[in-house]
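Here the structure is laid out as structure tokens; the discussion comes afterwards.
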Amino acid sequence: MRVVAGPRSQRLAFRVSEELDAELVRADVSRFPDGEQSVRLRGDPGDRVAVVQSTRTDRDLVTMMLLVDAARRQGASVTAVAPYLGYARQDQVFEPGQPVSLAAVVRAVTAQGPDLVTVDPHTDPSDHGDVTSLSATPVLGEVVEPWGPDLVLAPDEGAKDRAAAVAEIVGADHDHLVKTRVSGDEVSVEPHSLSVDGRDAVIVDDVIATGGTMSETVSILKEQGASSISAAATHGVLAGSAVSRLLSAGVDRLAVTDTLETSFSEATVAPLIADGLRQKVTG
Ligand code: R5P
């Protein structure tokens, strides 16, 4: 297997290629005068190739589709790897007239032929296409363990299994908070049944996007007297002022994985993705 380095995930693609001892295929992406993307593979994708490209933006998604098409035209069997799969949080029709964006995005990629591999999607996308979801919980456990937390918290009930699994890895207690979304980027969070007073708490989540969820949670835990509050998430979208919101809220440590390359990416999901791809090859 070879690995195509999509422009959004160049370092991670390189790491995956090293894990697999596979050739890395460079992809050049530029713009036509009208603004459309011009994509070109600068190497042979071989018989079987993984195109690694997180789809954080619309542009990233189009790039992924073009890279997949380019590789298929050279005769390669393609697995699309979107370590961060954008649009996954619109996973149902919340208001009449809305799409299920997750379904549309999965179809857009897999309809071309490839299967899709992703990491910690907000919702299991396998109803919408041939998708393998990998769990980054062990990677989050590695990140969090040196911080020595005694309490691992999920910011909402939906994330409580992840918090429980990380807590088990690091040997800590776990609990979850109750969240209400007030507006697009404002979230209020209330405690469920926990005491954080005097404890070293870490909050774990799948994604930090605007930072609203995490910063509100940090503020509340500070008010409740936690000794320290750290935050870890698989995907660091960190949109807009997310980082300053978190720092202003008083977060003591912040770490994400490299599904999106940020200055807070402290752990890599490359071995996880390489294992997932190996299993596909060996069946
Ligand atoms: C929500 O259910 C997710 O698990 C995240 O907590 C949420 O999407 C994070 O978004 P934001 O950073 O914008 O609050």
Please work out which one of (1) within 14 Å of the ligand (Cβ to nearest atom); (2) part of a helix (DSSP H, G or I) is the condition LYS222 fails and give its number. (1)
What are the residues in the range 176-188 that are assigned to a strand (DSSP E or B), surrounded by fewer than 18 Cβ atoms within 10 Å (Cβ to Cβ) and not basic (Lys, Arg), if any? VAL178, THR180, VAL182, SER183, GLU186, SER188
Which numbered condition SER193 misses (of (1) at pLDDT below 90; (2) within 15 Å of the ligand (Cβ to nearest atom); (3) outside any strand (DSSP E or B); (4) not aromatic (Phe, Trp, Tyr)): (2)
Hey, could you check the range 150-175 for residues that are part of a helix (DSSP H, G or I) and in contact with a Pro (Cβ under 8 Å, 6 or more places away or on another chain) and say which is farthest from SER230 (Cα to Cα)? ILE169
Would you point out which residue out of THR210, THR180, THR257 is within 11 Å of the ligand (Cβ to nearest atom) and touching an Asp or Glu at 6+ places or on another chain (Cβ under 9 Å)? THR210
Please indicate, with yes or no, whether at least one residue in the range 179-190 is modelled with pLDDT of 90 or more and not hydroxyl-bearing (Ser, Thr, Tyr). no
Tell me which residues, restricted to the range 65-84, are within 16 Å of GLU261 (Cβ to Cβ) and touching a residue at least 40 places away in the same chain (Cβ under 8 Å). VAL81, PRO83, TYR84
Criterion: within 12 Å of the chain's Cα centre (by Cα), among the hydroxyl-bearing types (Ser, Thr, Tyr) and more than 13 Å from the ligand (Cβ to nearest atom) - qualifying residue of THR282, THR268: THR268
Could you list, ordered by first residue, the pairs with Cβ atoms under 9 Å in which the first is in the range 206-230 and in contact (Cβ under 8 Å) with a residue 24 or more places away in the chain and the second is part of a helix (DSSP H, G or I) and aromatic (Phe, Trp, Tyr), at least 6 apart or interchain? SER228/TRP147; SER230/TRP147
The condition of being part of a helix (DSSP H, G or I) and either over 21 Å from ALA82 (Cβ atoms) or hydrophobic (A, V, I, L, M, F, W, C) (or both) holds, among VAL207, VAL243, only for VAL243
Within the range 227-246, the residues that are more than 11 Å from the ligand (Cβ to nearest atom) and under 15 Å from ALA163 (Cβ atoms) are ILE229, SER230, ALA232
Condition check: more than 13 Å from LEU177 (Cβ to Cβ) and within 15 Å of the ligand (Cβ to nearest atom). Does ILE203 satisfy that? no
Inspect the range 38-50 for any residue being more than 29 Å from ALA136 (Cα to Cα), surrounded by fewer than 16 Cβ atoms within 10 Å (Cβ to Cβ) and within 25 Å of the chain's Cα centre (by Cα) and give the result as yes or no. no
For the condition more than 13 Å from the ligand (Cβ to nearest atom), outside any helix (DSSP H, G or I) and at pLDDT 95 or above, what is the one hit in GLY141, GLY113, GLY97? GLY97
LEU153 vs. criteria among the aliphatic types (A, V, I, L, M), closer than 30 Å to SER9 by Cα and within 16 Å of the ligand (Cβ to nearest atom): yes
For the range 234-245, how many residues meet the condition of being surrounded by fewer than 20 Cβ atoms within 10 Å (Cβ to Cβ) and touching a Leu at 6+ places or on another chain (Cβ under 8 Å)? 1
Conditions: (1) of a type in the set (Gly, Ala, Ser); (2) exposed (fewer than 14 other Cβ atoms within 10 Å of the Cβ); (3) free of Cβ contacts under 8 Å to residues at least 40 places away in the same chain. GLY250 meets all but one. Number of the miss? (2)
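The values are calculated or read from the model by the stated rules, or taken from the named source; none is laboratory data. Bear in mind that the values here come from a model prediction, so they are computed numbers and not experimental data. Neighbour counts are summed over all protein chains in view; Cβ atoms, including those assigned to glycine, are modelled from backbone coordinates with ideal geometry.
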